[in-house]
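Visitor: This is the structure I want to talk about, given as structure tokens.
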Amino acid sequence: MTKKPNPAKVRLWALVEEAAQSVTDSLTGRFENKALVEEIRSRLADGQLAADLRAATADRLAEGLAKGFVDSRNPRKRKHGTLFDPQAILPLGDGKRVWMRDATDTDLIEWARLSTRNLARVATAEGDRQAYVAERLQAWRDYRDWRLGRLEHEVFGYEPVVEDIPEGYDGPEEWDEGDD
């Protein structure tokens, strides 16, 4: 069963995409992240947001702050050779977390299992990415002046398809060690 997207979140992502398009150089297709952040901030601060869009924005902000907090508390190897930090946080899957100081043996096993599963996903995705890049670079040898969009359409037969885009446009880069 496909989850129906929240209309306010869809509009929020449309606002972000419009901001990205507005800061994109029309000749190169490039933009600076700092300019994008500033443009999004400007659009959010203009006082014209509907209540449901403000709520969707607050949701994304809260999600981002929570993710950033947990990510900043990921255990890292210490000078004295241990990963242990009483203020570190371990992901356990299904949105569950545990402070490292309170972890049990079962928690450590689950954390290790999630880490291994994530490593396998990342390795697979990286292999796919490297194969994709190698194939496109090979094709570019015959079409030096083309941009990727044209190469995809004319050499690789790209056809736009309507795909189910996960709510929030989250992709593999957003995976939290297999956590949903």
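Visitor: Step by step: first the residues of segment 1-24, then only those that are modelled with pLDDT of 95 or more and among the β-branched types (Val, Ile, Thr), then the one that is surrounded by the fewest Cβ atoms within 10 Å (Cβ to Cβ). Which residue is that?
Guide: Thr24
Visitor: Would you check if there is a residue in segment 113-124 being part of a loop (DSSP other than H, G, I, E, B), in contact with a strand residue (DSSP E or B) (Cβ under 7 Å, 6 or more places away or on another chain), in contact (Cβ under 8 Å) with a residue 60 or more places away in the chain and of a type outside the set (Ser, Thr, Tyr)?
Guide: No: segment 113-124 contains no residue that is part of a loop (DSSP other than H, G, I, E, B), in contact with a strand residue (DSSP E or B) (Cβ under 7 Å, 6 or more places away or on another chain), in contact (Cβ under 8 Å) with a residue 60 or more places away in the chain and of a type outside the set (Ser, Thr, Tyr).
Visitor: Being over 30 Å from Arg117 (Cβ atoms) and surrounded by 13 or more Cβ atoms within 10 Å (Cβ to Cβ) narrows it down to one residue among Leu44, Leu92, Leu27; which is it? Explain how you work it out, then say what you get.
Guide: Working: Leu92 fails: over 30 Å from Arg117 (Cβ atoms); Leu27 fails: surrounded by 13 or more Cβ atoms within 10 Å (Cβ to Cβ).
Exactly one of Leu44, Leu92, Leu27 is over 30 Å from Arg117 (Cβ atoms) and surrounded by 13 or more Cβ atoms within 10 Å (Cβ to Cβ), namely Leu44.
Visitor: Determine which member of the set Asp52, Asp142 is under 24 Å from Lys9 (Cα atoms) and open to solvent by 60 Å² or more (accessible area, probe 1.4 Å). Walk me through how you get there before you give the answer.
Guide: Values: Asp142 fails: under 24 Å from Lys9 (Cα atoms).
Matching residue, one of Asp52, Asp142: Asp52.
The rows are residues; the columns are (1) open to solvent by 100 Å² or more (accessible area, probe 1.4 Å); (2) acidic (Asp, Glu).
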| site | (1), (2) |
| --- | --- |
| Asp105 | yes, yes |
| Ala112 | no, no |
| Thr116 | no, no |
| Leu148 | no, no |
| Val161 | yes, no |
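Visitor: From Val37, Val70, grab the single residue that is under 16 Å from the mean Cα position of the chain (by Cα), open to solvent by less than 70 Å² (accessible area, probe 1.4 Å), under 30 Å from Lys96 (Cβ atoms) and among the β-branched types (Val, Ile, Thr). Outline the logic, then answer.
Guide: Working: Val37 fails: under 30 Å from Lys96 (Cβ atoms).
So the residue among Val37, Val70 that is under 16 Å from the mean Cα position of the chain (by Cα), open to solvent by less than 70 Å² (accessible area, probe 1.4 Å), under 30 Å from Lys96 (Cβ atoms) and among the β-branched types (Val, Ile, Thr) is Val70.
The values are calculated or read from the model by the stated rules, or taken from the named source; none is laboratory data. Everything numeric in this text was worked out from a predicted model, so none of it was measured. Cβ atoms come from the backbone with ideal geometry, glycine included; neighbour counts cover every protein chain shown. Only protein heavy atoms, including side chains, enter the accessible area calculation; ligands, DNA and RNA are left aside. Shrake-Rupley method; radii C 1.70, N 1.55, O 1.52, S 1.80 Å.
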